[in-house]
Amino acid sequence: MSEPYPDLDTPALLIDLDALRGNVEEMAGVAKRGGVRLRPHTKTHKSPEIARMQVDAGADGVTVAKLGEAEVMADGGLDDLLIAYPIVGEAKLARLRALLDRATVRVSLDAVEVAEGIGRVGTDAGRDVPVLVDVDTGQHRMGRPPGQPTADLALEIDRVSGVRVAGLVTHAGHAYGSVGGDELRAVVEREVEDLLDTAERCAKAGLEIEEISVGATPTARLEAEQLGVTEIRPGTYVFNDVQQMRLGVATEATCAARVLVTVVARPAPERFVLDAGTKAFTSHGGDGPPFPGRGVVAGHPDLRIDFMNEEHAVGHVEGRGDLAIGDRLEVIPLHVCSCVNMFDVAYGVCDGRVDRELTIAGRGRMR
């Protein structure tokens, strides 16, 4: 077996630059054809360099989860940010004040109490902070139910001094529980129907909703086709992962991120052990068909990873196999977003060689 990237120690995070560029351009085309804005979520790559690549390809700005990610993106020259997370507490509000001097910032939320804190920041800055009201369209994470409950909340928030309700936002995270195809489309159609109904109720009460912002990689291509949607916010698409392969929206070839690992043990003819476990991949992401196991070994359908401990991945060989201690493999993670956050640096590769280092500048920015 060949030894890819022999100068790299393992485990190492690899980014196939050709696949990355292809993914960025493909989603930019989806947004353009649908007539919607693209605001990709940077939680997947946490890299200002890749965010700039997305903006250069046509994205209108970026989405972040935490203030720390927003600060990293602003440091990298990104100046149009949606913080898709409620900002709570005086320490964070002080950081928001400073960030408003460097970038155009919007914030999503689902409570009047959160709006009041942000409103104090807006009042101090002498301008209203635009906010998007989170709607629970099925994931049951953030937001009130769609329709009148959210419309009532949006009206109450819009009366808070220092903020302005700019739109509605949701994340169809429950789409990951579908099997793709018609089931995925049904999730999207219900999601958009709920948002538009909520927006109509707001308008009847005198609050015009400018933005209908939706986003998840499995649903983005379908969401971009829906009348009334103004913005999509996919994140994982930039690298893709096994979850996207299972839903039929990615292939092994479009999975740009892999973890380079070394076989460190062959304790039985059918068993192998790799030098990366949950401290490289994390344990997030379920096992299931049509790609069972704790990750996909690229180019080796005969190898299956059965389980992981902190520093070990243990798998088995289906058939005879030809695997020896010291062999190196590339493993596509189940969930790439949490995997990338485990590394300080990624290696951009092209044509079998390392082209550049990519700093994961937003790694660990959880505050």
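Say each of Phe307 and Glu270 gets a label point 7 Å from the Cα, pointing the same way as Cα to Cβ; how far apart are those two points in nm?
Distance between the two pseudo-spin positions: 1.6 nm.
Per residue of the chain, what 222 nm ellipticity follows from adding -39500 (n - 2.57) for every DSSP H run with n ≥ 4, rounded to the nearest 500?
Working: 11 runs with 117 residues, N = 367.
For the chain, the value works out to -9500 deg cm²/dmol.
How compact and how long is segment 54-115, expressed as Rg and Dmax of its alpha-carbon atoms in Å?
Computed over the Cα atoms of segment 54-115, radius of gyration and Dmax are 11.7, 38 Å.
Using r as the Cβ-Cβ distance of Ala253 and Glu200, and R0 as 56 Å, what FRET efficiency do you calculate, to the nearest 0.05? Let's see the in-between values first.
Numbers: r = 42 Å, r/R0 = 0.76.
The formula returns an efficiency of 0.85 here.
Ala115: net charge of surrounding residues, Cβ under 12 Å, Lys/Arg +1, Asp/Glu -1, itself excluded? Provide the component values of the computation, followed by the final result.
Working: positive: Arg120, Arg159, Arg164; negative: Asp110, Glu113, Glu116, Asp128, Asp134, Glu156, Asp158.
Combined, the nearby Lys, Arg, Asp and Glu give -4.
So, R0 is 51 Å and r is the distance between the beta-carbons of Leu93 and His316; what FRET efficiency does that work out to, to 0.05?
Numbers: r = 52 Å, r/R0 = 1.02.
Result of the calculation: an efficiency of 0.45.
Which entries of Lys43/Lys204; Lys46/Lys204; Lys43/Lys92; Lys92/Lys204 show an alpha-carbon separation above 30 angstrom in the structure shown?
Working: Lys43/Lys204 36 Å; Lys46/Lys204 40 Å; Lys43/Lys92 19 Å; Lys92/Lys204 35 Å.
Too far apart for the 30 Å limit: Lys43/Lys204; Lys46/Lys204; Lys92/Lys204.
Working from Cα positions, state the angle (0 to 90°, nearest 10) between the long axis of helix 112-125 and the longest principal axis of the chain.
That helix lies at roughly 80 degrees to the long axis.
When only alpha-carbon atoms count, how far does the chain stretch along each of its three principal axes, as whole angstroms with the largest first?
70, 42, 35
Excluding same-chain residues fewer than 8 positions from Lys279, which aspartates and glutamates have a Cα within less than 17 Å of its Cα?
The reachable aspartates and glutamates, counting only those whose Cα sits under 17 Å from Lys279, are Asp9, Asp306, Glu310, Glu311, Glu330, Asp344.
Relative to the longest principal Cα axis of the chain, at what angle does helix 148-158 sit, 0 to 90 degrees, rounded to 10?
On a 0 to 90 degree scale, this one is about 70.
Values in this text are rule-based calculations from the coordinates and carry no lab data. Note that the structure is a prediction, hence the values are computed from the model and not measured. All Cβ positions, glycine included, derive from the backbone under ideal geometry; neighbour counts span all protein chains shown.
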